[in-house]
Every structure is written in C-alpha cells, then in structure tokens.
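*Asks:* Would you mind keeping the following structure in view while I ask a few things?
The values are calculated or read from the model by the stated rules, or taken from the named source; none is laboratory data. Quick caveat, the model's predicted, so the values are computed rather than measured. Cβ sites come from the backbone with ideal geometry, for glycine too, and all protein chains shown count toward neighbours.
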Amino acid sequence: MNNFKDIIKFTKNMNLLFVEDDEFLRESLIEVFNSLFKDVTSAINGEDGIEKFYENKIDMVVSGVNMPKLNGLDMIERIRDFDKDIPILILSANSETDYFIKSIELNIDGYLLKPMQLEKLKESLSKIIQKMKFQKEFNDNLNFLQQYQELTDSNTAVSKADTQGVITYVNNEFCKLTGYDRDELIGHHHNILRHPDNPASMYSELWHVIKNNKKPWKGIIKNLTKDSNTYYIKTVIQPILDTDNNIVEYISIKTDITNIMSSKKILYDFIDSANNPILVLIKIEGFMDIEKFYGYIISQRIEEKFAKDLENLMPKNLNFNKFFSLENGEFAFVQDLEDNSSTILENITQALQSFQYIINELKIDAGEIDYDISIMMSVANGKDCIENVKYGMKTLEKNKQDFILANDLAQKEQDEAANNLKILKMVKQAIETSNIISYFQPIVSNKTKEVVKYESLVRLVDENSKVISPFFFLNIAKKGKYYAQITAIVLENSFEALKITDKSISINISALDIEKPITRKKIYELLDIHKESAHRVVFELLEDEDVKDFDEITKFISEVKKYGVKIAIDDFGAGYSNFERLLKYQPDILKIDGSLIKNIEQDSYSLSVVKTIVSFAKEQNIEIIAEFIENENIYNILKDLGVEYSQGYYFGKPFLMK
C-alpha cells in the first residue's frame, strides 16, 4: 500500500499511543500524528504509557526507548504480554542501537530514527497496513474459443505444434517470414529456426512455462531464416487445454520486429513479456564529461571497451543472460526470475554490490589514455522496473551515491506528485478564504525572563478548521506559484501585529524572497505605512543555497535599516551559514541554530560551537537569540555563556495574537 490517501484512510480509524519523554519532540510530533490518526494519546514515559494503554482503546503504539521510570522496551514487553499482535514502532536515536536486539525479540514492526522523516513514517505505516490486510489474487483464464481467436490473426505468423513440439500447421505469413515452404516445416521441430546465440536456459524456461505451468510464454526470440539471415520475433506460445486440463497442442503467434529493433526496444519487450523481471541499470559516472574532455572518438572507444568488460565480468551464477548497451554510457542487465523471494533479491543485491566494487577497480585502455572507471548502479524488480531504475539513477546523481535498490520509486514519485497537487489545492483555497494566518512565539530576555519580542510564524487553516504547520505545505508552495502570495500575507499579518503589541515583531524572509521585486516592493510599502513602528521590526534572513544576487540582498538590508529595521540571521551555525556571508550582511542579531542548542547539555561539540559564535558576536556587537530552549538547564547554560535572548517551548508556544 503505497498510496498515501489509502494509508490515511486506514489510519484515520486507528487510535495511537505515543510515548516520548522529550517534551519538544513529543509536542511537535503530536501535530503530525493528529493528521494521520483518529485519536492520539500521549504519554511522557513508559510507566505513564502502560497506564494509558490499559485506560484507552489503542490500535497502535509509537514509543521512544530511553525514558525515566520505565524505559520504552520494558513498557513494550508488558504491552506484548497483553496484546502480542498490536503494531508497534520504535522512535529512536542512533545512540540507542544497543536496544535493537531486544526490540527484535519483542517483534517490533519498525523503527523511526530521530529526527523523524515523514517519508519513513509513511513507509512504516504502509508495511503495517499491508500486514493487517489480506490481498486476493485473481487469475483470468482464456476459454478455448478466445485462445484460437487471439492466435489466428491473419497479419501475424501462426504455427501449431503437437505435445512433442513437432510442427503440425503454419500459415502463409509464417512461411513468408522464415523463407521455408510449408512442406519443409510441417513434421519438424521449431529448432530448425533456432539462432545459436539463444541460450539453452531460455528454451528450458519456455518449456517449463507452457508444459509444466500450462501458461502462455511471451518473449523476444532471435531466429534464423532458411538463408541464415537473422530476424527478431515477438512471440506468444499458448498451450491449448481440453476440458480435463490436459494439453492438446501448442499455438504460437509471431510478429516480425527486426526492422524496429534497438537495444532499448528489445529490453522493453523482454521486460513486458517477463513474469518477474529484475533489471540492473549501470551508468558510467560523468560520461558526458568524458566526451567534453577527451572528445567523441575516445569517449566511444571507452564505452565500447567497457561494454565488453562489463558483460564478461558479470558473474555467470547471477544468470543475467541479457545484456544491453544503451548508449551515452548506460548499460543494462536483465533476467526473468523464477523465484523473486526477498532472500533471493537480497543475495542478488549483495552480489551486484561486490560486482560493482570489481568494476570500479577497472582501467580502460583507450589508446591515448588509461581511464579509471566509476559506475552508478540502480536495481529494481517487477513489471515497473524500468521506471524505477530511471528514478533510482536520478536519485543517485542527486545524492552523489553509487548504488540503490530502486523498487517502488516510480510509485513514490507518483504518490508524491499527487500529494503535492493536493497540498497546492489546499494552499490555494486557504489563500482565497483568508486562512493563511500568523502565530507568534515569544522571545524573552535572559536577564529578566520577560517577553521582549515575538517571532511571526506562518500557519494554514484547512477546510476542517485544523491549523496546519508549515512543515506540511511551505516547501511545496515554494515550487508552485503561491509562495510569494503566502509571503505577502505573512508580512501583512506581522505588520498588523505591531498595532496589538508594543514588542518587536520578528519576520522570516528568505534570500530568495528578497531577490523577487514584488516582495521587496511589498516590504517597502508596509514600512512606509508603519513608519512609526518600523523600528520594532526584525527581518530574520533564512539563508538559501541558490542565492543568485548577493548585491541585491545587501542593498535591501541597507534600505530597510534606514527605517530602523533590525536584521537577524536565522539558524546560524548550520546549513549555509558562514562568517564571510555574515560580514556581508552586517546583522544586528544572530539566531543560533536549534540543532546546536537542543544537544548542548550532552554534546561538547555543540557547546564549543555555541561558545565560538557567542565570542564572535560579542566582538562584533551582535545580539544573540537561542532557539529550542526546552528546559531550565539549557536556559542557564546559555545565560552563563552570555546569550541575551531565548526562544522555545520552555518560555511559550506559538499562539494566535488577537
């Protein structure tokens, strides 16, 4: 079950117990889980979780591991004593791997790593739902009349054979295709047409399907005419059965595809006719650069020599008897698996990775140069394997990786596209109905613990009046046409908030926002309208990797500072942050990235980085705000380091300002 709509349709009838002692993580994930489940019951530790499990009707459990009073695994063990089949997911950090053995013994259904990714949650839920549902397989059988009707098309070559494979009938098209007269064919086996390149295993598999399984065989066959010319035929061989399910004869239809054959065409047809195809797509890394650097002739020489090595080095025991050179540095191996069990696929995958290691050690002698080969490998099995390996190769190139098992990637892309469209429709409706709103989270002085400013945070209210976090829609809106409209609404909401409070309002804008003339114009208009309050505005710059015009950004900063606006750099210390960019922006405030703050109690590296940032900021007379303040201990550490301001759930959650 890969469709997210189907997953939600199922989970919306389920009650979830979520056990996690980390307050910030618990509160943030409850918002996610509420969108997926009928009801979410939260607990702060294992002891609390046990009590709420017995008090409520629970259909599924998601739990952390390391917790006070009673840890997650001990809690799960007690739950399993009561209900051995209830689905359970563990939410764990990498540091908790020692607990995995015990979790396996407890028959855990899956693992989610902190920080949790929505895609991984969807995958885990899909597996659980599949486990809970039964699938029925339907087999369609052709009746006797249909078998003959489909196999006697006058435009195709038709032949009949007895149960021993001896030809008993051929039509005119068959004679025309093969160059033999009817009398030269009837009474002989089809092997008089056999091409020596065809492996014996193909014919063994063919007879196994039609004789033992009594099912039609489909495939591409390379044959020889009477004059020893090669031709390709797309073939279907159908066993004809009597009422007692005994084979009476075999009928085959053949379509000549010689003139339209290409490597890709043969590959596509093979997969189309295969029952359980497994496809390996191999690409020479940076092949297009080879052609640019060395020229076309050498690049082709490298490709041709590598193709021979690749085919020869593929382990014979893997049975990849079909090899294709697809041009532009791409190659493919394919076979039709008799057994596609998870164990077989795992063994093939491991063997292919070993094969890849050997290939990556190769040097190709191209005459003038010896070229070190490096390949990427995308593997998938099933009828949609072609689309999957293509998406897999794109994923490898994007993530700078070299191997991927790409099953279901095409479906995931389609599901993601459908989900993106749904979200864009939701955003469009929210904009049209004035349901893009702003929440405000307090920022306090570390000296007085009093609120001195608020950060404006965008929210969306859906058609069911549910408040949606930007996590679910903002990045998708950036890819559509609605992001600029959302930014304009947030700006208006934030400036209106200046009328409600005498505190400063901090507004997030990205460098990419600033590059848009329409957004800059909107900001300047609002600053003119609210001149008297503009000195209480803080623009938090969300740094982006794809900044095209630094000069435009520095010019914008200079212009808004004329109104008394302050500039903050958000999430400093992670992502694209660097001191060179900071010096160009000349900010008034630094907001230290939350990933450094939330681990500062245990992580000496985070503490060291924060100290460095504070020291630099003090020298430059820049104020500092720390985000993700979850408890008093973190607050005290930061206060002692000299951080001026704090923001986080310890001081207050985002709220709707009225």
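*Asks:* Are any residues in the stretch 102-117 within 18 Å of residue 24 (Cβ to Cβ) and surrounded by fewer than 14 Cβ atoms within 10 Å (Cβ to Cβ), and if so, which ones?
*Replies:* Correct list: 113, 115, 117.
*Asks:* When the residues of the stretch 170-187 are filtered to those that are part of a loop (DSSP other than H, G, I, E, B) and out of contact with any strand residue (DSSP E or B) (no Cβ under 6 Å at 6 or more places or on another chain), which remaining residue is farthest from residue 246 (Cα to Cα)?
*Replies:* Once the filter is applied, the top-ranked residue is 179.
*Asks:* Given the conditions (1) surrounded by 20 or more Cβ atoms within 10 Å (Cβ to Cβ); (2) over 30 Å from residue 535 (Cβ atoms); (3) among the aromatic types (Phe, Trp, Tyr), which single one is not true for residue 454?
*Replies:* So residue 454 meets the others, but not (2).
*Asks:* Can you tell me which residues in the stretch 236-246 are surrounded by fewer than 19 Cβ atoms within 10 Å (Cβ to Cβ) and within 47 Å of the chain's Cα centre (by Cα)?
*Replies:* If the condition is that a residue be surrounded by fewer than 19 Cβ atoms within 10 Å (Cβ to Cβ) and within 47 Å of the chain's Cα centre (by Cα), then 236, 240, 241, 245 are the ones that fit.
*Asks:* Can we say residue 316 is exposed (fewer than 12 other Cβ atoms within 10 Å of the Cβ) and touching a Phe, Trp or Tyr at 6+ places or on another chain (Cβ under 9 Å)?
*Replies:* no
*Asks:* Then there is this: Counting just the residues of the stretch 369-387 that are farther than 15 Å from residue 352 by Cβ and not in a loop (DSSP other than H, G, I, E, B), which one comes out farthest from the chain's Cα centre (by Cα)?
*Replies:* Among them, the one singled out is 370.
*Asks:* Which count do you get for residues in the stretch 172-183 that are in contact with a helix residue (DSSP H, G or I) (Cβ under 9 Å, 6 or more places away or on another chain) and surrounded by 15 or more Cβ atoms within 10 Å (Cβ to Cβ)?
*Replies:* Qualifying residue count for the region: 4.
For (1) part of a strand (DSSP E or B); (2) assigned by TED's automatic domain parsing to the domain that holds residue 169; (3) among the polar types (S, T, N, Q), each residue gets a yes or a no:
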residue: 208; (1), (2), (3): no, yes, no
residue: 226; (1), (2), (3): no, yes, no
residue: 231; (1), (2), (3): yes, yes, no
residue: 243; (1), (2), (3): no, yes, yes
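*Asks:* Look at the stretch 212-224 and say how many of its residues are surrounded by fewer than 20 Cβ atoms within 10 Å (Cβ to Cβ) and under 15 Å from residue 198 (Cβ atoms).
*Replies:* The total comes to 3.
*Asks:* Can you find even one residue in the stretch 524-531 that is closer than 20 Å to residue 587 by Cβ and in contact with a helix residue (DSSP H, G or I) (Cβ under 9 Å, 6 or more places away or on another chain)?
*Replies:* Yes.
*Asks:* Follow-up. Kindly indicate the residue of the stretch 261-275 that is surrounded by fewer than 16 Cβ atoms within 10 Å (Cβ to Cβ) and more than 28 Å from residue 189 (Cβ to Cβ) and also modelled with the lowest pLDDT among those meeting that condition.
*Replies:* Restricting to residues being surrounded by fewer than 16 Cβ atoms within 10 Å (Cβ to Cβ) and more than 28 Å from residue 189 (Cβ to Cβ), the top hit is 262.
*Asks:* Which count do you get for residues in the stretch 457-481 that are among the aromatic types (Phe, Trp, Tyr) and buried (at least 20 other Cβ atoms within 10 Å of the Cβ)?
*Replies:* Residues meeting the conditions: 1.
*Asks:* Out of curiosity, is residue 507 touching a residue at least 24 places away in the same chain (Cβ under 8 Å), surrounded by fewer than 18 Cβ atoms within 10 Å (Cβ to Cβ) and outside any helix (DSSP H, G or I)?
*Replies:* no
*Asks:* Being under 21 Å from residue 438 (Cα atoms), in the same structural domain as residue 454 (by TED's automatic domain parsing) and crowded, with 18+ Cβ neighbours inside 10 Å is the requirement here; does residue 539 meet it?
*Replies:* Against the criterion (under 21 Å from residue 438 (Cα atoms), in the same structural domain as residue 454 (by TED's automatic domain parsing) and crowded, with 18+ Cβ neighbours inside 10 Å), residue 539 qualifies.
*Asks:* For the stretch 352-368, which positions are charged (D, E, K, R) and either touching a strand residue (DSSP E or B) at 6+ places or on another chain (Cβ under 7 Å) or not in a loop (DSSP other than H, G, I, E, B) (or both)?
*Replies:* Those that are charged (D, E, K, R) and either touching a strand residue (DSSP E or B) at 6+ places or on another chain (Cβ under 7 Å) or not in a loop (DSSP other than H, G, I, E, B) (or both): 363, 365.
*Asks:* A follow-up question, please. On the given criteria, is residue 333 touching a Lys or Arg at 6+ places or on another chain (Cβ under 9 Å), outside any helix (DSSP H, G or I) and either among the charged types (D, E, K, R) or farther than 14 Å from residue 284 by Cα (or both)?
*Replies:* yes
*Asks:* Let me ask something else about it. Could we say that residue 359 is hydrophobic (A, V, I, L, M, F, W, C) and surrounded by 17 or more Cβ atoms within 10 Å (Cβ to Cβ) here?
*Replies:* In short, yes.
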